[in-house]
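Engineer: Once you've had a glance at the structure underneath, I'll fire off some questions.
The values are calculated or read from the model by the stated rules, or taken from the named source; none is laboratory data. Please read all numbers here as calculations on a predicted model, not as lab measurements. In this analysis, Cβ positions are derived from the backbone assuming ideal geometry, glycine residues included, and neighbour counts consider all displayed protein chains.
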Amino acid sequence: MKKLLFVFMTLALAACTAAGNAMGSQSEIEQNKEKWENANISHYRYHLSITCFCVFSQDMPLIIEVQDGDVVSMEYQSGNEIDATSRELFEKYATIDRLFAELEADLNGAADEVTAKYDATYGFPTEVTIDFVKEAADDELYLNLSNFEELP
């Protein structure tokens, strides 16, 4: 009986620890999202590199300009044209607000594992790793946001 109680307690504590880690990640994203919102930046440009098992990886980074929540321009730094299929994927990450929304969805169960680093000043994600199915190969997505600049 003691052995059964020990196994039960171990499983219960493991579940609490996992829930605590997920909540800690959620808290971290909420704090950084609030920092981003408080910065009140409406016009900006940044470079976004998306790395995955994808055909477009050699054309990265994207140069994205956003004004008042709308994408003003999105282009490959290489100068190659963005095809419709790739653009559909890129749209999910084309503004910092959309990037936060995708991260929140992934943290809430759309992905098995998500890690993120955030800009110390403005709070936006700078490095994101998303593993949609932990046991699957080649489903990981890596996002790197750099060269952020606020525009007039």
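Engineer: Which pairs do you get when a residue that is among the hydroxyl-bearing types (S, T, Y), found in segment 122-141, comes within reach of a residue that is part of a loop (DSSP other than H, G, I, E, B), reach meaning Cβ atoms under 9 angstrom, with the pair 6+ apart or on two chains?
Structural biologist: Cβ pairs passing all conditions: Y122/I41; T126/D119.
Engineer: Mind checking which pairs have a first residue in segment 45-57 that is over 17 Å from D138 (Cα atoms) and touching a residue at least 60 places away in the same chain (Cβ under 8 Å) and a second that is exposed (fewer than 15 other Cβ atoms within 10 Å of the Cβ) and among the acidic types (D, E), Cβ under 8 Å, 6 or more apart or different chains?
Structural biologist: Every condition considered, the pairs that remain are R45/E149; Y46/E149.
Engineer: Provide a single number: the residues in segment 101-119 that are crowded, with 16+ Cβ neighbours inside 10 Å and part of a helix (DSSP H, G or I).
Structural biologist: 4
Engineer: State whether one or more residues within segment 83-90 are more than 10 Å from the chain's Cα centre (by Cα), closer than 15 Å to L141 by Cα and at pLDDT 90 or above.
Structural biologist: For segment 83-90, residues more than 10 Å from the chain's Cα centre (by Cα), closer than 15 Å to L141 by Cα and at pLDDT 90 or above: present.
Engineer: Follow-up question, since we're still on this one. Tell me whether segment 31-42 contains one or more residues that are basic (K, R), surrounded by 14 or more Cβ atoms within 10 Å (Cβ to Cβ), assigned to a helix (DSSP H, G or I) and modelled with pLDDT of 95 or more.
Structural biologist: Yes - at least one qualifying residue is present in segment 31-42.
Engineer: If you don't mind, there's one more thing I want to ask. Within segment 92-130, can you find the residues that are among the charged types (D, E, K, R), under 17 Å from N32 (Cα atoms) and touching an Asp or Glu at 6+ places or on another chain (Cβ under 7 Å)?
Structural biologist: K117
Engineer: Within segment 51-68, can one find any residue that is under 28 Å from S27 (Cβ atoms) and surrounded by fewer than 18 Cβ atoms within 10 Å (Cβ to Cβ)?
Structural biologist: Yes - at least one qualifying residue is present in segment 51-68.
Engineer: Which of the residues that make up segment 83-100 are surrounded by 16 or more Cβ atoms within 10 Å (Cβ to Cβ) and assigned to a loop (DSSP other than H, G, I, E, B)?
Structural biologist: Y93, A94, T95
Engineer: For segment 131-147, check the following and say yes or no: at least one residue is assigned to a strand (DSSP E or B), on the phi > 0 side of the Ramachandran plot, surrounded by fewer than 14 Cβ atoms within 10 Å (Cβ to Cβ) and out of contact with any Asp or Glu (no Cβ under 9 Å at 6 or more places or on another chain).
Structural biologist: yes
Engineer: Here is a follow-up. Within segment 47-77, which residues are of a type in the set (D, E) and part of a strand (DSSP E or B)?
Structural biologist: Result: E65, D70, E75.
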